[in-house]
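Asks: Below you will find the structure I want to go over with you.
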Amino acid sequence: MTSFLAVIFGLAMIYASSSGRIEAYIRALAVQGIVLFAAVLLDLGRLTPLSALFLCVETLVFKAILIPWFLIYTVRRNGIMREDEPYISNFYSLVITTIIFVASLGVSFAAFGSEAHGIIRPVYFGVSIAAMLTGLFMIITRKKIITHVMGYVMMENGIFLLAFSFAGEMPFAVNIGVLMDLFIAIFLLGLFVSRINETFDEVEVEALADLKD
Amino acid sequence: MYLIILLCAGPLFALAALFSRSAKAAALTAGAYAAAHALLCALVYFNGGVVSGYFEADAVNRVFLLILSAVFAGVSVYNYDFSVKSKFDSHKLANYTAVLLLFVSAMTAVLLSSNLGLMWVFIEATTLAGAFLIYFNGTKHALEAVWKYIFICSIGIAFAFAGIIFLSASQPGEEKTLMISAIHAHAGELDKLWLKIAFVLMIVGFGTKAGLAPVHAWLPDAHSEAPSPVSAMLSATLLNSAMLAIIRVYGIMEHAGMEKFASQFLMLMGILSVFVAAVYIMRVGNYKRLLAYSSIENMGIIAAGVSLGQAAMPAVLLQAGGHSLAKAAFFLTSGNILRRYGVKEISGVTGILKKDPVTGRLWIMAFVMISAMPPSPLFFSELAILGRMFASGMWVQAAIIMILLTVIIYGMASVVFKMAFGEPGANAVDERFSMMRYIPQAVFLTALVFGGFLLLAGGLWKVKI
């Protein structure tokens with residue numbers, strides 16, 4: 001079952017990194033949120049009730065609904081449709097993301113596939129590393145700043161899965177703080193996307209290259 | 001007890017500032033918080049304090065707390081005149097003041113955190129509050145600067161969070177902890193490979209916030225586009241808060257017996273920062289950016305000092321404190337220059353000494369202090385750090401840093417003196433400034449001079465080498 005979830009998560013990731021339509025990315029992020037929620041449900045047995053509740057809310061409400069909804073709102077409000085000319089064409093993005101995905105899983109299984117590392121689940125670990133790298137890859141190769149925000153959300157999904165792939169939990173106060181910080185960060189980034197759109201009439205990073213030495 | 005009051009006071013004062021009706025009332029609220037902050041910090045400094053599991057005042061963060069409090073006290077005085085004379089309406093200034101107070105309370109919480117996870121939460125909170133402050137002027141350039149700041153810092157901090165996860169993965173058994181003292185106690189049992197990965201991720205992450213090269217890209221933009229009181233706070237207090245996180249992470253490596261790896265990595269980033277600062281200081285065309293690069297240089301020296309281990313800690317604290325006071329004075333004075341000349345370009349400013357003698361003198365004095373000429377306390381701290389590097393056989397590294405520092409002093413001196421001397425241009429306005437635009441800098445610089453003489457007279461610095 002975990003492998004099935006990992007495959008869906010990975011497919012959403014590859015789809016997002018190789019598609020040109022902004023709303024398609026956002027749907028992929030929502031799918032990832034739902035997959036993370038399913039992963040939490042599968043693990044309910046080992047969680048304390050409080051953190052189980054917290055993780056369900058975090059994945060379902062925040063990652064699968066609120067953040068994608070807010071991104072869609074920002075995109076529609078600013079009339080952003082497509083990633084027109086990425087620095088790397090969509091086909092090569094597809095190839096590179098697939099390589100990242102396969103390599104991350106391969107390395108993870110090679111390192112932790114044996115039972116010696118009982119605490120680490122190789123599927124989750126590999127997929128989480130792949131998601132973090134793909135998020136970074138999207139930030140580097142895309143021009144629209146809204147896509148950068150999505151790359152950041154993808155990275156955060158990867159980090160969530162990374163924390164989840166290890167046994168052990170953070171203190172509850174820290175968990176709440178982390179979630180609040182991330183949510184406000186994405187919210188602020190969205191606001192600034194709108195502000196940049198109004199100020200510069202375009203939402204590409206190249207508009208933001210005036211300050212330099 | 002004092003510690004709890006200190007942590008709770010910030011948000012309450014911020015709330016009061018939010019509902020203030022005039023710029024004056026908002027600025028006075030900031031001043032009241034600064035006074036309360038100073039008093040409570042002094043009490044915490046002498047009495048200590050613990051909130052079990054989350055916050056604790058120890059030997060290192062007490063010093064950082066005092067620096068934060070002193071700088072904020074000075075900035076709040078300057079900020080009064082800045083707010084009252086601002087062209088923005090009272091509603092915007094009330095918001096600005098409220099966020100400024102939240103920013104300071106988040107930094108206070110970062111400094112006092114005894115739990116790495118909590119420290120992370122508050123460092124990210126400083127990023128979010130700082131974004132609003134940097135965007136204060138609402139210009140195109142401010143928008144560009146704030147985008148870079150919030151995006152680069154958030155990515156950096158995300159790396160640090162991955163590092164924290166790896167750190168908890170390196171702990172054997174089911175019981176994981178992020179309490180710094182608990183990690184120290186069991187540091188010997190940590191898994192070496194996981195710990196190395198965790199260290200690199202955390203140093204890169206927190207280093208982004210501290211302005212260490214090569215992940216410093218946001219820093220010059222944010223410092224130059226923010227209003228001057230905010231620039232002073234960013235440079236003199238925010239960078240220190242992130243540096244404390246680096247000191248904590250390095251401490252874990254020391255306890256785990258892996259200080260060799262950690263030292264090499266941190267020393268490399270330190271030297272690289274000084275190098276980047278030297279390259280850009282020679283070609284920069286904007287005086288606020290010049291000061292920002294000087295902050296990168298000082299953070300580099302502090303990182304190099306941290307990499308020398310516990311023995312160099314007094315020198316590191318002295319460097320951090322000296323840099324904060326001198327740089328806060330420098331940035332506040334740059335705010336006077338910006339108000340008088342209306343430009344940030346070095347080429348647009350000449351003859352400050354003639355136009356505004358007090359600002360001109362403060363400008364030169366701040367340069368003397370930041371360039372570590374005696375009696376600046378930075379002279380003694382840099383001497384101690386470099387001396388320790390020589391003593392431990394790092395001749396090449398120490399020589400590189402010394403050469404780069406010479407380049408930096410030359411680059412800064414040529415700009416500072418060019419701006420201070422000569423005939424003032426036609427763009428300079430004849431406004432008479434309130435004393436509040438001079439007193440904080442004068443107090444900071446006088447304190448530094450006295451501190452330097454005390455160090456010299458007491459022979460304190462000899463002990464450290």
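The values are calculated or read from the model by the stated rules, or taken from the named source; none is laboratory data. Treat the numbers as computed from the prediction; the structure is a model and nothing was measured. Note that each Cβ is placed from the backbone with ideal geometry, even for glycine, and that neighbours are counted across all protein chains shown. Accessible surface areas use protein heavy atoms only, side chains included; no ligands, DNA or RNA. Shrake-Rupley method; radii C 1.70, N 1.55, O 1.52, S 1.80 Å.
Asks: Among the residues of region A:74-104, which ones are of a type in the set (Ser, Thr, Tyr) and open to solvent by 60 Å² or more (accessible area, probe 1.4 Å)?
Replies: Matches in region A:74-104: A:TYR87, A:TYR92.
Asks: I've got another one for you. From the list B:ALA222, B:ALA245, pick out the single residue that is touching a helix residue (DSSP H, G or I) at 6+ places or on another chain (Cβ under 8 Å) and within 30 Å of B:ILE183 (Cβ to Cβ).
Replies: Every option except B:ALA245 fails the conditions.
To keep it simple, each residue is scored yes or no on (1) of a type in the set (Val, Ile, Thr); (2) under 28 Å from B:GLN264 (Cβ atoms); (3) assigned by TED's automatic domain parsing to the domain that holds B:SER434.
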position	(1), (2), (3)
B:LEU338	no, no, yes
B:GLU345	no, no, yes
B:LEU353	no, no, yes
B:THR359	yes, no, yes
B:GLU382	no, yes, yes
B:MET394	no, yes, yes
B:MET402	no, yes, yes
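Asks: Which one is nearest to B:PHE13 (Cα to Cα) among residues in region B:74-124 that are of a type in the set (Gly, Ala, Ser) and touching a Leu at 6+ places or on another chain (Cβ under 8 Å)?
Replies: In this case the residue turns out to be B:ALA98.
Asks: Just wondering, is there one or more residues in region B:266-283 that are surrounded by fewer than 24 Cβ atoms within 10 Å (Cβ to Cβ) and closer than 28 Å to B:PHE132 by Cα?
Replies: The answer is yes, given that some residue of region B:266-283 is surrounded by fewer than 24 Cβ atoms within 10 Å (Cβ to Cβ) and closer than 28 Å to B:PHE132 by Cα.
Asks: Residue by residue through region A:178-198, note down the ones that are within 7 Å of chain B (Cβ to nearest Cβ) and open to solvent by less than 40 Å² (accessible area, probe 1.4 Å).
Replies: The answer is A:VAL178, A:ASP181, A:ALA185, A:LEU188, A:LEU189, A:PHE192, A:ILE196.
Asks: What residue, among those in region A:141-177 that are over 19 Å from B:PHE151 (Cβ atoms) and among the aliphatic types (A, V, I, L, M), is surrounded by the most Cβ atoms within 10 Å (Cβ to Cβ)?
Replies: Filtering region A:141-177 for residues that are over 19 Å from B:PHE151 (Cβ atoms) and among the aliphatic types (A, V, I, L, M), the one surrounded by the most Cβ atoms within 10 Å (Cβ to Cβ) comes out as A:LEU161.
Asks: Residues of region A:145-164 being facing chain B (nearest Cβ under 10 Å) and either touching a strand residue (DSSP E or B) at 6+ places or on another chain (Cβ under 6 Å) or of a type outside the set (A, V, I, L, M, F, W, C) (or both), which ones?
Replies: A:HIS148, A:GLY151, A:TYR152, A:GLU156, A:GLY158
Asks: Here is a further query. For B:GLY285, indicate whether it is over 12 Å from the mean Cα position of the chain (by Cα) and within 14 Å of chain A (Cβ to nearest Cβ).
Replies: Answer is yes for this residue.
Asks: Does B:PHE132 qualify as being open to solvent by 10 Å² or more (accessible area, probe 1.4 Å), within 15 Å of B:GLY205 (Cβ to Cβ) and facing chain A (nearest Cβ under 10 Å)?
Replies: Taking the combined requirement at face value, the residue does not satisfy it.
Asks: Considering only region A:64-94, how many residues are more than 18 Å from the chain's Cα centre (by Cα) and closer than 18 Å to A:GLU156 by Cβ?
Replies: Counting residues in region A:64-94 that are more than 18 Å from the chain's Cα centre (by Cα) and closer than 18 Å to A:GLU156 by Cβ gives 0.
Asks: Still on this structure, please answer the following. Yes or no: region A:120-136 includes at least one residue that is within 14 Å of chain B (Cβ to nearest Cβ), on the phi < 0 side of the Ramachandran plot and in a loop (DSSP other than H, G, I, E, B).
Replies: Looking through region A:120-136, at least one residue is within 14 Å of chain B (Cβ to nearest Cβ), on the phi < 0 side of the Ramachandran plot and in a loop (DSSP other than H, G, I, E, B).
Asks: Hey, A:GLY190 hits all of (1) under 11 Å from A:ASN78 (Cβ atoms); (2) in contact with a Leu (Cβ under 9 Å, 6 or more places away or on another chain); (3) without any contact (Cβ under 8 Å) to a residue 40 or more places away in the chain but one; which does it fall short on?
Replies: (3)
Asks: On to the next question. Tell me the residue from B:SER105, B:SER52, B:SER86 that is free of Cβ contacts under 8 Å to residues at least 60 places away in the same chain, hydroxyl-bearing (Ser, Thr, Tyr) and out of contact with any Lys or Arg (no Cβ under 8 Å at 6 or more places or on another chain), please.
Replies: B:SER52
Asks: Step by step: first the residues of region B:205-242, then only those that are out of contact with any Gly (no Cβ under 7 Å at 6 or more places or on another chain) and open to solvent by 10 Å² or more (accessible area, probe 1.4 Å), then the one that is farthest from the other protein chains (Cβ to nearest Cβ). Which residue is that?
Replies: B:PRO214
Asks: Sticking with this structure for a sec: Considering each residue of region B:166-180, count those that are at the interface with chain A (Cβ under 8 Å from one of its Cβ atoms), in contact (Cβ under 8 Å) with a residue 12 or more places away in the chain and within 15 Å of A:PHE172 (Cα to Cα), and give that number.
Replies: Final tally of qualifying residues: 1.
Asks: Residues that are surrounded by fewer than 17 Cβ atoms within 10 Å (Cβ to Cβ): list the helices (runs of 4 or more DSSP H) wholly contained in region B:329-425 that include at least 2 such residues.
Replies: B:377-391, B:395-420
Asks: Also, I was wondering about something else. Give just the number: which of (1) small (Gly, Ala, Ser); (2) buried (at least 24 other Cβ atoms within 10 Å of the Cβ); (3) at the interface with chain A (Cβ under 7 Å from one of its Cβ atoms) does B:ALA125 not satisfy?
Replies: Of everything listed in (1) small (Gly, Ala, Ser); (2) buried (at least 24 other Cβ atoms within 10 Å of the Cβ); (3) at the interface with chain A (Cβ under 7 Å from one of its Cβ atoms), B:ALA125 misses just condition (2).
Asks: What about B:ILE157, is it under 21 Å from the mean Cα position of the chain (by Cα), open to solvent by less than 10 Å² (accessible area, probe 1.4 Å), more than 28 Å from B:ALA16 (Cβ to Cβ) and not assigned by TED's automatic domain parsing to the domain that holds B:SER20?
Replies: yes
Asks: Does region B:100-119 hold any residues that are hydrophobic (A, V, I, L, M, F, W, C) and either at the interface with chain A (Cβ under 7 Å from one of its Cβ atoms) or within 17 Å of B:GLU225 (Cα to Cα) (or both), and which are they?
Replies: B:LEU100, B:LEU118 - these are the residues of region B:100-119 that are hydrophobic (A, V, I, L, M, F, W, C) and either at the interface with chain A (Cβ under 7 Å from one of its Cβ atoms) or within 17 Å of B:GLU225 (Cα to Cα) (or both).
Asks: Tell me whether region B:61-81 contains one or more residues that are under 30 Å from B:MET1 (Cβ atoms) and within 13 Å of chain A (Cβ to nearest Cβ).
Replies: No: region B:61-81 contains no residue that is under 30 Å from B:MET1 (Cβ atoms) and within 13 Å of chain A (Cβ to nearest Cβ).
Asks: Scanning for something open to solvent by 10 Å² or more (accessible area, probe 1.4 Å), free of Cβ contacts under 8 Å to residues at least 40 places away in the same chain and outside any helix (DSSP H, G or I), does region B:297-308 turn up at least one residue?
Replies: No.
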